[in-house]
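The values are calculated or read from the model by the stated rules, or taken from the named source; none is laboratory data. Bear in mind the structure is a predicted one, so any value in this text is a computation, not a measurement. Here the Cβ positions follow ideal geometry from the backbone for every residue, glycine too, while neighbour counts run over all protein chains shown.
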Amino acid sequence: MAFGLAWGIFALFAAYPEALERMFGPPSGSHPLFILAVYSPAIATFAIVLVVGGVGGLGRYLSRLLLWRCSLGWAAFLILGIPLIYAFGSAVKGNLFPVSVPFDSLGAALGAMLFMLFLGPMEEFGWRGLMLPLLQRRMAPIWAGLVLGIIWGVWHLPAFFLSGTPQSAWSFTPFFIGSVSVSIIVTPLFNASRGSILLPALYHFQLNNPLWPDAQPYDTFFFAAAALGVVWIHRRTMFTREGAATEVIPLNG
């Protein structure tokens with residue numbers, strides 16, 4: 001359903017660009033249909049959970065938003081590690097200095113951050129909320145994170161063909177490698193938090209935080225290196241299903 005909705009919207013833009021632009025404006029990251037496509041993993045997941053578990057099951061599923069505990073190392077990576085990766089990538093790209101503030105006022109910065117908080121992180125209801133625990137029922141976390149990263153990266157492909165979206169200015173191959181890398185990185189965090197949806201959502205927000213400098217495509221190298229480091233540090237748990245979070249709807253909310 002998530003693929004069908006996202007790719008269906010791309011087909012609409014391809015078939016009726018002028019009509020859609022008259023109705024909703026030019027394609028952009030804030031276009032209503034683009035937002036609908038971004039929300040498609042969450043929409044699909046809520047529908048599945050309601051069918052399988054009913055309203056009570058949906059409530060227990062959403063209770064995973066209350067799982068917030070993680071180690072100090074993971075907290076440091078979320079708060080400092082991700083922006084440092086963007087800073088390193090931007091330094092390699094050559095646009096880190098002089099530092100320019102992309103917003104005219106504090107209100108504009110907070111508004112952009114609030115918008116991004118409720119855009120990309122909504123995907124996590126589907127990716128880490130549903131797909132990752134189901135994959136971990138059949139394979140070790142390293143392979144589950146890898147498979148999900150491939151699916152996640154390909155799911156974004158239509159955005160690269162829509163002018164006005166952030167992805168239209170990027171190259172797909174580095175983005176795809178980055179998607180696989182960040183999917184692998186977040187997998188042990190997900191398992192350490194016993195299946196939290198909140199922490200992957202905050203991780204996703206940090207990936208899209210409008211305050212960080214544009215580091216494409218060089219940030220990909222640092223995310224790939226970080227993924228290798230995370231796999232090495234968590235090698236005892238990444239290659240076994242024992243202890244992996246596999247619950248979608250907890251028995252007790």
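Is there a residue in region 27-39 that is modelled with pLDDT of 90 or more and closer than 23 Å to TRP152 by Cβ? Yes: one or more hits.
Residue-wise test of (1) in a loop (DSSP other than H, G, I, E, B); (2) crowded, with 19+ Cβ neighbours inside 10 Å.
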{"residue": "PHE190", "(1), (2)": "no, yes"}
{"residue": "PHE222", "(1), (2)": "no, yes"}
{"residue": "LEU228", "(1), (2)": "no, no"}
{"residue": "GLY243", "(1), (2)": "yes, no"}
{"residue": "PRO250", "(1), (2)": "yes, no"}
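ILE48 - would you say it is at pLDDT 90 or above, within 27 Å of TRP127 (Cα to Cα) and out of contact with any Phe, Trp or Tyr (no Cβ under 6 Å at 6 or more places or on another chain)? Here the answer is yes, as ILE48 does meet what is asked.
Each residue in region 26-58 was checked for being out of contact with any helix residue (DSSP H, G or I) (no Cβ under 9 Å at 6 or more places or on another chain) and small (Gly, Ala, Ser), and 3 pass. Among residues of region 79-130 being surrounded by fewer than 17 Cβ atoms within 10 Å (Cβ to Cβ) and of a type in the set (Ser, Thr, Tyr), the one that is modelled with the highest pLDDT is SER105. Taking each residue of region 106-128 that is more than 16 Å from PHE46 (Cα to Cα) and looking for partners that are at pLDDT 90 or above with beta-carbon atoms closer than 6 Å, six or more apart or interchain, yields ALA112/PRO210; MET116/ASN208; MET116/PRO210; LEU117/PHE205; GLY120/HIS204; GLY120/ASN208. The set of residues in region 192-220 being of a type in the set (S, T, N, Q), more than 30 Å from GLU242 (Cβ to Cβ) and part of a loop (DSSP other than H, G, I, E, B) consists of ASN209, GLN216.
Among the residues of region 146-163, not a single one is surrounded by fewer than 18 Cβ atoms within 10 Å (Cβ to Cβ), touching a helix residue (DSSP H, G or I) at 6+ places or on another chain (Cβ under 9 Å), part of a loop (DSSP other than H, G, I, E, B) and not hydrophobic (A, V, I, L, M, F, W, C).
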